[in-house]
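Structure record follows, encoded as structure tokens.
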Amino acid sequence: MNKIILASESEGRKELFTQHFGTNFKTYPSKFLENDYFHLAPKKMVQELAQQKSATIAPIFPDDFIFAFDTTVACENKNLGKPKNLEEAFLMLQFLNQKKQVVWTGYSIEYKGIKKSGVTCAELILSISNEEITRYINTHPVTLFAGAYAIQKQDANIVIISGSMDTIIGAPMDIVLEFINTHQ
């Protein structure tokens, strides 16, 4: 079997890939700079970034499966990536509290010249008090999470309205598995 390359350092994505592939995958994060894309609409932004990430990794592993992703949180026409520091994380979580938000995850898959990309989304509501926010930002690596929160370890009080947990974590595994099964 060809190697499976996860173009990400995300702990959540690594956990998802470990659940499905054990140790039969390799992480090789893209060093693509994301700064110039935040002016785009969330759906367009995550798809473009995922495609750019896979395009930088695919030439290094031309015979292997490359999986790249990007995730953002959108709420009230604001695109929320990863906070720069704890103060920004606090304000972000305070802003998101009790509001419907959409988590957008873009994916880009490359395998021997075959490319597939797209976007999945999930809607949710986060319910968290200021006291819980303070405790949360001091006990979690919030600067690593779009929107300053994670869901994979029940890290926050989240109600999923629609979409999958995998999309919120940042890797729609149904699409990953279907692609591998189709192209083996």
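Listed from fewest to most Cβ neighbours within 10 Å, the set Glu48, Glu178 follows the order Glu178, Glu48. Considering only the other residues whose Cβ falls under 11 Å of the Cβ of Ile4, what net charge follows from Lys and Arg at +1 and Asp and Glu at -1? So the environment of Ile4 carries a net charge of +1.
Report the charge-dipole magnitude of the chain in Debye, nearest 20, computed about the Cα centre from +1 at each Lys and Arg Cβ and -1 at each Asp and Glu Cβ. Don't jump to the answer; show the numbers that get you there.
Values: 18 positive and 20 negative charges, 51 e Å.
Its charge dipole is roughly 240 debye.
Just add up the charged neighbours of Lys100: K/R +1, D/E -1, any other residue whose Cβ is under 15 Å from the Cβ of Lys100. Overall, the nearby charge balance is 0.
Name the residue farthest towards the positive end of the dipole of the chain from the options Gly147, Ile125, Gln47, assuming +1 on Cβ of Lys and Arg, -1 on Cβ of Asp and Glu, about the Cα centre. Ranked along the dipole, the leading option is Gln47.
Percent of Cα pairs in the chain per distance bin of 10 Å, from zero to the largest separation: 10, 39, 34, 15, 3, 0. On full extension, the segment bounded by Asn130 and Lys26 gains 33.6 nm, given 0.36 nm per residue less the C-alpha separation.
How far is helix 86-96 tilted off the main Cα axis of the chain, in degrees rounded to 10, range 0 to 90? Helix 86-96 and the main axis of the chain meet at about 80 degrees. Our coupling estimate for segment 64-78, obtained by passing each phi through the Karplus curve with A = 6.51, B = -1.76, C = 1.60 and θ = phi - 60°, is 10, 7, 10, 10, 10, 9, 8, 9, 9, 10, 10, 8, 6, 6, 10 Hz, Gly and Pro reported as x.
Taking the alpha-carbon distance from Lys99 and a cut-off under 24 Å, which lysines remain once sequence neighbours fewer than 8 residues away in the same chain are dropped? Result set, ordered by chain and number: Lys43, Lys44, Lys78, Lys82, Lys84, Lys153. Which loop trypsin sites (Lys or Arg not before Pro) in segment 115-169, with loop taken from DSSP, have no more than 15 other Cβ atoms within 10 angstrom of their Cβ? Taking segment 115-169 and a limit of 15 other Cβ atoms within 10 Å, the loop trypsin sites (Lys or Arg not before Pro) found are Lys153. Working note: Karplus 6.51/-1.76/1.60 with θ = phi - 60° gives segment 168-175 the couplings 5, 5, x, 8, x, 5, 4, 6 Hz, where Gly and Pro are set to x. Ranking Gln94, Gly81, Thr23 by how far each Cα lies toward the positive end of the dipole of the chain (charges on Cβ) leaves Thr23 at the top.
All of the numbers you see were taken from the coordinates with simple rules; none came from a lab. Please read all numbers here as calculations on a predicted model, not as lab measurements. Please note: Cβ atoms are built from the backbone with ideal geometry, for glycine as well, and neighbour counts cover all protein chains shown.
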